[in-house]
1. Using the basic label-point model (7 angstrom from Cα toward the beta carbon), what is the Thr177 to Arg237 distance in nanometres?
2. May I ask you to order 162-172, 141-151, 92-102, 181-191 by the average number of other C-beta atoms within 10 Å around their residues, highest value first?
3. Given H placed on each backbone N at 1.01 Å, which residues far from Leu401 in sequence or on other chains put an amide H within less than 5 Å of it?
4. With respect to the cross-link table entries Lys314/Lys392; Lys304/Lys392; Lys134/Lys231; Lys113/Lys392; Lys102/Lys133, which display a Cα-Cα separation exceeding 20 Å?
5. If one computes the Cα centroid of region 159-225 and of region 382-402, what distance in Å separates the two points?
Amino acid sequence: MEKPSSEQGSREHLIHPEFPPSRFPFLSVVLWFDQSNNPGTALLSWSVFFLLVVGVPIISHFVLVCSDCDFHHRRPYDAVVQLSLSIFAGISFVSLSYWSRKFGMRRFLFLDKLLDVSDKVRIEYEAEIQRSKKRLMIFVLPSLTLEATYRIWWYISGSNQIPYLINPLLSNIIACTLQLSSWLYRNAIFITVCILYQITCHLQILRLNDFARCFASEITDVGVALAEHQKIRRNLRIVSHRFRRFILLSLILVTGTQFMALLTTTRASVAVNIYEVGELALCSLSLVTGVFICLRSATKITHKAQSVTSLAAKWNVCATVDSFENLHDGETPTASNVESQISTCRNEMDPSDDEEGEGDDELDNTKIHPVYANTISYQKRQALVTYLENNKAGITVYGFLVDRSWLHTIFGIELALLLWLLNKTIVNIP
């Protein structure tokens, strides 16, 4: 009895030997926040967090506020910027710390469950993790580049107005480096959690795609298909439960910070120009982007799950309508019967109309190969379709299903607030 389990353990070790970060470059970034094993790493991680998320923003705001500077170098919105970034970085860091201590990053990313999936799903999932570091750079580096450009200009052009300690050049270099490090750290940790959410959602999308392929072939056991769908639903509940607080807090706080920014910039007594509001607009753009990553990943799963239900209903219709009613008991279907069955079910698919419409899901265009009527009974097919229709999979936030209408509403609100803020910024460029 112990031999199979030892063989399975050795197989798991061969697939994911000790979860090496070098295999997945993005995870080396995530493991920097991992506090599950080494207390020294946890102490260092928290120390850096308090330095860059709490210490540097407070010192920067109160020491370098530069209230006596000219209007190009005043920072009236610095409190809103620093508070917004620090709040989201704090939520992200606490969430990562909790997940790493409770689950460990290997289990958190379902890497220990890859033995239960097909080779195609495992390969595509690992490829998605490999691409995540590039995705992180795409979202973080433009923001850092613009912030670095502004900061360097601010220190160079206002060197005779900015407060300093002992040596002005050295003081400005250290202050600029710490501020840029703080900006990078706070943006990166928030976007990192959003990408982690995207990764875990992508695995479930791959499993749904793999599950949907069974309807394009001959299904002989409804119980196997039912068990696989239940596994997927369970994983989706786990993902929803782990991220629900982070998603809800992000939605509430990003909307709150947007309103706070707009109320501040629309005051009649406050001047608005690109030098003063540019950093606030850049901060808002980064936060809205992170929230959009999470919501888009969640809605993709919900849409995919709905496509699977539609595909199952189509499969049931094809198998039912094209049943061999003219066959006697025990009679073997002939080639003409089979050809008639397949052509009848595919008559809506014109070969000249293979081009997919814009925005179509690939599951909607899956070609169905109807099963023989005596392979699987109508009652079993109908039971499976009924189960899928009444047990829809998807990402939820405290019971609310995140679908496209949810995304459109929230994104419309956030985009309106962001565009309003950008309009206040851009139209006042001197």
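Values in this text are rule-based calculations from the coordinates and carry no lab data. What you see is a predicted model, and the numbers here were worked out from it, not measured in a lab. Neighbour counts run over all protein chains shown; Cβ positions are idealised from the backbone, glycine included.
1. Here the modelled spin labels are 5.2 nm apart.
2. Highest-to-lowest ranking by the protection proxy: 181-191, 92-102, 141-151, 162-172.
3. none
4. Lys134/Lys231; Lys113/Lys392; Lys102/Lys133
5. 28
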